[in-house]
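A.B. asks: I am attaching a structure below and will ask some questions about it afterwards.
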Amino acid sequence: MRPVHPRLTTARRARRAVLLAVLACAAGVWGARAEENECRRAPSLSAGPVLAPGRVSAPGRTAFVKDGLARAGCPDPGPACRERAYLVTGDAVILGERRGAFVCASYRGAKDEDVGRTGWIPAEAVAVEPAPPVAVEGWLGTWKQAEAQIRVTPGDKPGTLAVAGDATWGGGDPDRVRRGGIHTGEMSGTVVPVGDAASFAMGENGTLPVQTGGESDCKVWLRRLGPWLVVDDNLACGGMNVTFRGVYRRTP
C-alpha cells in the first residue's frame with residue numbers, strides 16, 4: 001500500500017477539523033434558536049422576563065402553539081404549529097416571554113394539582129391584569145403542586161415569614177415507588193418579603209440573602225402572583241432531579 005504523504009495527512013486533518021467546527025457551529029445555532037423559541041417549563045424567577053398575571057379574553061377555545069423544540073419554525077399561526085390542548089375564556093394564566101404575536105403562558109387547574117401546562121398562545125387572546133399588592137398575610141398557608149408542598153407561616157419577628165417545603169422526584173412512578181427509587185429534597189428559611197417577592201439561600205448557619213449564598217447552597221425565589229405562589233430554585237435543594245420550581249395553589 002502506498003504511504004500517505006505527511007502534508008496530505010495534515011491537510012485532511014485540517015479540512016476535517018474545519019468541517020467539524022462548521023457542523024458544531026450549525027448545531028449550536030439551531031440549538032440556540034430552538035432554546036430561544038422554547039416555552040414548556042415552569043416560569044423562571046431567577047432569570048428571564050418579568051411575569052404578569054393575565055386572563056384569556058378571546059371567545060371560545062384558544063389553542064396552545066408548539067415551540068421550536070417540538071417543530072421547526074414554531075411558534076407560528078399556521079395549523080402545523082397548533083396543539084390539541086387549549087384554554088377557554090376566563091382562564092387565569094401567568095404571562096412570561098413574548099415572541100412576536102405569541103406569549104409564553106402557564107396555566108394551573110384550580111382543583112387538580114397535577115393539571116398544568118406551559119406553552120405559547122396568541123398574545124391577542126389574553127389580557128394582562130394588574131397585580132394587586134400582597135400583604136404578609138397573603139403569603140400564609142400550605143401551597144401544593146405535583147410532588148411538592150410548601151408551608152408559609154408567620155416568622156418569629158414581625159413582618160417575617162417562615163418558609164419550609166419538601167419535594168420528591170419519581171413519586172408519581174409506581175415502579176420507582178416499589179423499588180424505593182424516589183429522590184427527595186427539602187428547604188427552609190426565614191424571609192422578609194418585598195411586596196410580592198421573596199428569596200433566600202440556605203447557608204450552613206441559617207438563612208442568607210440569595211445573592212450571598214454559595215454555589216452549592218440551596219437557593220429559592222418566590223413570588224405571589226394572583227392566586228398562585230410561583231417558585232424557582234437552583235436545583236441544589238435535594239437529590240438528583242428534585243426541584244421546587246413550579247406554580248403552586250393554596251390548599252383550602
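The values are calculated or read from the model by the stated rules, or taken from the named source; none is laboratory data. Since the model is a prediction, treat every value here as computed from it, not as a measurement. Backbone-built Cβ (ideal geometry, glycine too); neighbour counts: all protein chains shown. For the accessible areas, the whole protein counts, side chains as well, though only heavy atoms, and no ligand, DNA or RNA atoms are used. Shrake-Rupley method; radii C 1.70, N 1.55, O 1.52, S 1.80 Å.
A.B. asks: Among the strands (runs of 3 or more DSSP E) lying completely within the stretch 191-252, list those that include at least 3 residues that are out of contact with any Lys or Arg (no Cβ under 8 Å at 6 or more places or on another chain), on the phi < 0 side of the Ramachandran plot and open to solvent by less than 30 Å² (accessible area, probe 1.4 Å).
C.D. replies: 218-225
A.B. asks: Follow-up question, since we're still on this one. Looking at R82 and the list (1) open to solvent by less than 60 Å² (accessible area, probe 1.4 Å); (2) farther than 21 Å from Y248 by Cα; (3) free of Cβ contacts under 8 Å to residues at least 60 places away in the same chain, which single condition is not satisfied?
C.D. replies: Among (1) open to solvent by less than 60 Å² (accessible area, probe 1.4 Å); (2) farther than 21 Å from Y248 by Cα; (3) free of Cβ contacts under 8 Å to residues at least 60 places away in the same chain, R82 violates only (1).
A.B. asks: Still on this structure: Would you check if there is a residue in the stretch 222-237 being out of contact with any Asp or Glu (no Cβ under 6 Å at 6 or more places or on another chain), touching a residue at least 60 places away in the same chain (Cβ under 8 Å) and more than 19 Å from P49 (Cα to Cα)?
C.D. replies: Yes, the stretch 222-237 contains at least one residue that is out of contact with any Asp or Glu (no Cβ under 6 Å at 6 or more places or on another chain), touching a residue at least 60 places away in the same chain (Cβ under 8 Å) and more than 19 Å from P49 (Cα to Cα).
A.B. asks: Next question, about the same structure. Quick one: which of A127, A123, A85, A101 is under 22 Å from the mean Cα position of the chain (by Cα) and closer than 29 Å to P193 by Cα?
C.D. replies: The unique qualifying residue is A127.
A.B. asks: If we scan the stretch 108-118, do we find a residue that is assigned to a loop (DSSP other than H, G, I, E, B), on the phi > 0 side of the Ramachandran plot and free of Cβ contacts under 8 Å to residues at least 40 places away in the same chain?
C.D. replies: No, that holds for no residue.
A.B. asks: Going through the stretch 175-190 one residue at a time, which ones are in contact (Cβ under 8 Å) with a residue 24 or more places away in the chain and either open to solvent by less than 30 Å² (accessible area, probe 1.4 Å) or in contact with a helix residue (DSSP H, G or I) (Cβ under 6 Å, 6 or more places away or on another chain) (or both)?
C.D. replies: G185, M187, G189
A.B. asks: Mind listing just one residue for me: the one in the stretch 124-169 that is assigned to a loop (DSSP other than H, G, I, E, B) and of a type in the set (V, I, T) and, of those, least open to solvent (accessible area, probe 1.4 Å)?
C.D. replies: Filtering first and then ranking leaves T160.
A.B. asks: List the number of the failed condition for G172; all other conditions in (1) out of contact with any strand residue (DSSP E or B) (no Cβ under 9 Å at 6 or more places or on another chain); (2) more than 19 Å from R108 (Cβ to Cβ); (3) open to solvent by less than 80 Å² (accessible area, probe 1.4 Å) hold.
C.D. replies: That leaves (2) as the condition not met.
Yes or no, residue by residue, for (1) among the small types (G, A, S); (2) in contact with a Cys (Cβ under 7 Å, 6 or more places away or on another chain); (3) at pLDDT below 95:
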| residue | (1), (2), (3) |
| --- | --- |
| I121 | no, no, no |
| A125 | yes, no, no |
| A135 | yes, no, yes |
| G141 | yes, no, no |
| V163 | no, no, no |
| W169 | no, no, yes |
| D173 | no, no, yes |
| V177 | no, no, yes |
| G185 | yes, yes, no |
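For every residue, the table says whether it meets (1) under 20 Å from V230 (Cβ atoms); (2) open to solvent by less than 20 Å² (accessible area, probe 1.4 Å); (3) touching a residue at least 12 places away in the same chain (Cβ under 8 Å).
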| site | (1), (2), (3) |
| --- | --- |
| R41 | yes, no, yes |
| A47 | yes, no, no |
| V50 | yes, no, no |
| R55 | yes, no, yes |
| F64 | yes, yes, yes |
| G68 | no, yes, yes |
| R71 | no, no, no |
